[in-house]
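Read the structure below first, then the notes.
No lab work stands behind these numbers, since they all come straight from the coordinates. All values reported here derive from a predicted model rather than from experimental measurement. Every residue, glycine as well, gets a Cβ built from its backbone with ideal geometry; the counts of neighbours run over all protein chains shown.
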């Protein structure tokens with residue numbers, strides 16, 4: 001681990017002596033497909049993100065919340081967006097990342 005990363009973890013990412021690898025995160029995601037038939041891409045995104053284990057996922061009418069260990073949750077969202085872009089194209093994603101917060105229980 002680089003000295004810069006250690007300093008980042010200590011002061012920003014995990015101020016309570018946690019490492020980023022063990023930091024909890026809640027990610028609120030809204031997908032806005034740029035097409036008239038927008039329901040299939042949204043359902044595809046929800047199906048794809050639910051393939052990842054060790055995450056708590058809850059879908060609401062306007063967004064999906066993903067909660068879990070920081071690196072795993074962020075990587076899962078990144079891979080899901082990439083897969084959906086390849087399959088559905090043309091969508092805008094609005095994402096709120098809330099470190100060290102349990103949005104879901």
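I'd like to check something: does the range 59-69 contain any residue that is in contact with a strand residue (DSSP E or B) (Cβ under 7 Å, 6 or more places away or on another chain) and loosely packed, with under 14 Cβ neighbours inside 10 Å?
Taking every residue of the range 59-69 in turn, at least one turns out to be in contact with a strand residue (DSSP E or B) (Cβ under 7 Å, 6 or more places away or on another chain) and loosely packed, with under 14 Cβ neighbours inside 10 Å.
Of the residues 52, 101, only one is over 13 Å from residue 30 (Cα atoms) and in contact with a helix residue (DSSP H, G or I) (Cβ under 6 Å, 6 or more places away or on another chain); which? Write out each step before concluding.
Values: 101 fails: in contact with a helix residue (DSSP H, G or I) (Cβ under 6 Å, 6 or more places away or on another chain).
Of the residues listed, the single one that is over 13 Å from residue 30 (Cα atoms) and in contact with a helix residue (DSSP H, G or I) (Cβ under 6 Å, 6 or more places away or on another chain) is 52.
I need a count of the residues in the range 84-105 that are part of a strand (DSSP E or B) and farther than 18 Å from residue 46 by Cβ. I'd like the intermediate steps shown before the answer.
At the first step, the residues of the range 84-105 found to be part of a strand (DSSP E or B) are 91-99.
With the extra rule that they be farther than 18 Å from residue 46 by Cβ, the set shrinks to 97-99.
Looking only at that region, the number is 3.
Can you list residue pairs whose Cβ atoms sit under 7 Å apart, with the first residue in the range 39-66 being in contact (Cβ under 8 Å) with a residue 12 or more places away in the chain and the second being surrounded by 17 or more Cβ atoms within 10 Å (Cβ to Cβ) and assigned to a loop (DSSP other than H, G, I, E, B)? Count only pairs 6 or more apart in sequence or on different chains.
Every condition considered, the pairs that remain are 66/55.
With respect to the numbered conditions (1) crowded, with 16+ Cβ neighbours inside 10 Å; (2) more than 20 Å from residue 100 (Cα to Cα), which one is the sole condition not fulfilled by residue 82?
Unmet condition: (1).
Just need a number here: residues in the range 17-50 that are more than 13 Å from the chain's Cα centre (by Cα) and over 25 Å from residue 100 (Cβ atoms).
Pass one, the range 17-50, residues more than 13 Å from the chain's Cα centre (by Cα): 17-23, 32-44, 47.
Subset that is over 25 Å from residue 100 (Cβ atoms): 32-44, 47.
Number satisfying all stated conditions: 14.
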